[in-house]
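See structure below.
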Amino acid sequence: MKIALIAHDKKKDDLLRFMDIHLDFFKNQELFATGTTGGRIIEHTGLPVNRCKSGPLGGDQEIGAMVANKAIDCIIFFRDPLTAQPHEPDVTALLRLSDVYDVPLATNEGTAEAVLYHLTRTERE
Ligand SMILES: O=C(CO)COP(=O)(O)O
């Protein structure tokens, strides 16, 4: 499965912790990420990650283009709801495209848990 991973700065440690918990799942997937998030994941887990540009420099839009081309199956995006982002329009556009193409997108850890639970079950079937 092709999974996109994104985290705003204050949520990056949370994403790495989440990945540690679910490492057995993530090591069997093809991973994509925005630039800085991807760098942190590679450094922390050693897993291969296809890195896009950093979010503020167009990375969310790159992931959005992959969604539009049906090249992403699921997005886990740990958003920071308490900090203004200079590239908020890009974030909104990515959320919109995930709705257009019906791609599961988890914006917090609780939803990510639920999505992974579903994906691991459907993978086994
Ligand atoms: O800003 C982001 C998503 O909107 C994340 O980008 P980075 O992974 O480059 O920090």
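Structure values in brief
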| read-out | value |
| --- | --- |
| Region 63-93 and region 7-34: distance between their alpha carbon centers, rounded to Å | 15 |
| Candidates THR83, THR37, THR45, ranked by Gaussian network fluctuation over the chain, Cα under 10 Å, top entry | THR83 |
| Relative contact order (%) - region 2-124, alpha-carbon pairs under 8 angstrom, separation at least six | 28 |
| Simple Cβ-charge dipole of the chain, Lys/Arg +1 and Asp/Glu -1, about Cα centre, in debye nearest 20 | 180 |
| Separation of the TYR101 and HIS118 label points, Cα + 7 Å toward Cβ, nm | 1.7 |
| Sites matching trypsin sites (Lys or Arg not before Pro) across region 1-102 that sit in DSSP coil, with at most 10 neighbouring C-beta atoms within 10 Å | LYS70 |
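We did not get these values from a lab; they are worked out from the coordinates using the rules stated. Treat the numbers as computed from the prediction; the structure is a model and nothing was measured. Neighbour counts are summed over all protein chains in view; Cβ atoms, including those assigned to glycine, are modelled from backbone coordinates with ideal geometry.
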